[in-house]
């Protein structure tokens, strides 16, 4: 059996993980090209809902068509994106 030497692709995908289209995904859906985005949820047991950077809507993509993008361990949680810091959310009375 062949194993991945980088270990990045062996880790499971999940919400908040930055992904891009894999080679198989680009071959099956060439219009998607090298798009990158963030997983925002699970579509079905074998697909993920992805918000691509250049799109307004969320797209359900089969897990075999996705691979991790960015540096290992990098996460983009929606909480981090929507709120700047706890100090900014508090206002003076």
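The values are calculated or read from the model by the stated rules, or taken from the named source; none is laboratory data. Small disclaimer: the values here were computed from a predicted structure and weren't measured. Ideal geometry is used to build each Cβ from the backbone, glycine not excepted, and the neighbour counts take in all protein chains shown.
Any chance you could count how many residues in the stretch 15-36 are at pLDDT 90 or above, exposed (fewer than 13 other Cβ atoms within 10 Å of the Cβ) and in contact with a strand residue (DSSP E or B) (Cβ under 9 Å, 6 or more places away or on another chain)?
1
Among (1) surrounded by fewer than 10 Cβ atoms within 10 Å (Cβ to Cβ); (2) modelled with pLDDT of 90 or more, where does residue 68 come up short?
(1)
Quick check on residue 88: is it at pLDDT below 90 and either in contact with a strand residue (DSSP E or B) (Cβ under 8 Å, 6 or more places away or on another chain) or in a loop (DSSP other than H, G, I, E, B) (or both)?
Details: at pLDDT below 90: yes; either in contact with a strand residue (DSSP E or B) (Cβ under 8 Å, 6 or more places away or on another chain) or in a loop (DSSP other than H, G, I, E, B) (or both): no.
Here the answer is no, as residue 88 does not meet what is asked.
Which numbered condition trips up residue 57, out of (1) modelled with pLDDT of 90 or more; (2) surrounded by 14 or more Cβ atoms within 10 Å (Cβ to Cβ); (3) in a loop (DSSP other than H, G, I, E, B)?
Result: residue 57 passes all but (2).
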